[in-house]
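Beneath this line is the structure, given in structure tokens, with notes to follow.
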Amino acid sequence: MTTTADAPPSQSFHRSKLTADDVQRRLRYIVEKDRLVLDDLPRRFLETFAAILTHSNYRQVVDNYARITARCANCAPSCQIYQHTHAPHDVPCYRSNLLLEVYRRHFTMRGLITTRLLGQEYLTEDRVLEMASTFYDCTACRRCTLDCPLGLDHGLITHLGRYVLSELGLVPRALVISVREQLEGATHNTSAIPLPAILDTIEFLGEEIRDEKHREVQFPVDQPKRDFVFFPAVSDYLMEAETLMGIALTMHVAGDQDRWTIGSQYFDGINYGLFYSDWILERVLQAELDEARRLEATNILIGECGHASRSAKAFAKTFGGADAPPVVHIIEYTYRAYKEGRIRFRPGAITERVTYHDPCNIARTGWVVDQPRELLRAFCSDYVEMTPHGADNLCCGGGGGTVSVDELRPYRTGVTGARKAEQLRATGAKYIVAPCANCKKQLRELCEDHGLDMQVVGLHDLIYRALDLE
């Protein structure tokens, strides 16, 4: 039997004597100092947890999970972090139980009675900081959920734990700074790219396509009542030019030049809220929806970005209502155009060995798995698969927003991405196709740190080279 959401937590807590510098030394990431308040940390954690349980639909899930003794460790073999460290604290169900035990002790009748009768103190500053550390050790790839015999979504528990911690100021500073610029800054995007720079970039890319492919390809901006309003990861405008060129050329060849547009008031598909805060997730997604409605677009088209795709696909109607525009992934669009015969490829256009990395956010549920493989096999003469792959893929090692925290690079490439590096080396591939901005950054750093002579590209980078323009 559980209490109501406002059940009073235990009263016996020591007041915090930690400083922000103490916290930084004990955690692997930089906390957001200007929001961090360390006084009475356990009590504030419980108050925040109670508020989230009251004003969201997490309570039912957490209550169900808390009734399960999730300590079988069947998830351990599927966790690439545990398989590298063999540390008990890296077993996914151990991590989930850190938060579930707080719920059992402080939000159920049995836990409250036990705590008060026996005078046991469970939630302490050390336990809060342990959660803050271990929840960001996890890449939230959710591979462990495939092997949990009880159906626990450990990635969901990790996200919820981060959500509670973020309201206390315990959150990677890199994520907070990017989101602040996206929601409140002058540029309204995570990379702080001003609109004139975006316009100059797409004009230059159009000229490049004209010079290389002899096609007049446009990047339309602010065109109303189009079928698609396009949101790539904004970093693509700086770092993934060939991906954008491949997308624009694909739409041109498919005869859809006049069916898509980029918005000038909001053009960033990145949504870091998926990693740590539902409040941020909703605000960022609302900006996308507002831009789509301003332009009266029929669909939202997301570029090659895993978390941008998942956050929009899974939550557009949650936060935008039943009339929210449908969300289409760019690979879905390209695959459909290929199957309809509106684009063709030159067989064998890519002769080097190619392998494909499945971004967790689009592959774990089976959403985008087979489509890119069929496209690649149409123009690659030497395509090889990784093992495992598809919905059972290994994470790149930088999931859950950790790739954005540069201070974590030694951990990301040396621990969370170690098995991925072995998997890549075994393929002997020249090109690693990774249709996700975060995966591309992580995989490139993996190749650098593990001495892999491989090139990380987007799917549309190769499509740009393989399209049959005749």
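Each of 311, 381, 78 has some number of other Cβ atoms within 10 Å of its Cβ, and from fewest to most they run 381, 78, 311. Counting other Cβ atoms within 10 Å as a rough exposure proxy, the listed residues 331, 202 run 202, 331 from fewest neighbours to most. Working note: Cα gyration tensor of the range 354-466, eigenvalues times five, square-rooted, sorted largest first, giving semi-axes of 22, 15, 13 Å. Across the chain, the mean sequence separation of Cα contacts (distance under 8 Å, 6 or more residues apart), normalised by length, yields a relative contact order of 15 percent.
Near residue 369: Cβ cut-off under 13 Å, other residues only, Lys/Arg at +1 and Asp/Glu at -1. The net charge is -4.
Projecting label points 7 angstrom from Cα along Cα→Cβ for residue 118 and residue 215 puts them 6.9 nm apart. Working note: 222 nm ellipticity from helices only, DSSP H runs with n ≥ 4, each -39,500 (n - 2.57), summed and divided by the residues of the chain, gives -14500 deg cm²/dmol to the nearest 500. Reducing the range 203-219 and the range 232-264 to their Cα centroids gives an inter-centroid distance of 11 Å. The count of lysine pairs in the chain with alpha-carbon distances below 29 Å, taking only pairs 8 or more places apart or on different chains, stands at 23.
Label separation (residue 195 vs residue 257): 2.5 nm, computed from points 7 Å beyond Cα along the C-beta direction. Against the longest alpha carbon principal axis of the chain, how many degrees, from 0 to 90 and to the nearest 10, is the axis of helix 278-294 turned? Long axis of 278-294 versus the principal axis of the chain: about 30 degrees. Against the main long axis of the alpha-carbon atoms of the chain, helix 92-107 sits at an angle near 50°. For the range 49-64, 3J(HN,Hα) computed residue by residue from phi via the Karplus equation (6.51, -1.76, 1.60; θ = phi - 60°) reads 4, 4, 5, 5, 5, 6, 9, 9, 9, 6, 4, 4, 5, 5, 5, 5 Hz, glycine and proline entered as x. Only Cα pairs under 8 Å and 6+ residues apart enter the sum, and on that basis the relative contact order of the range 20-171 stands at 34 percent.
Other residues whose C-beta falls under 11 angstrom from the C-beta of residue 391 contribute a net charge of 0, scoring Lys and Arg +1 and Asp and Glu -1. Using alpha carbons only, how many degrees (0 to 90, rounded to 10) separate the axis of helix 241-253 from the longest principal axis of the chain? So the inclination is approximately 60 degrees.
Here, each number is a calculation from the coordinates, and none is a lab measurement. From a predicted model like this one, the values you see are computed outputs, not experimental measurements. All Cβ positions, glycine included, derive from the backbone under ideal geometry; neighbour counts span all protein chains shown.
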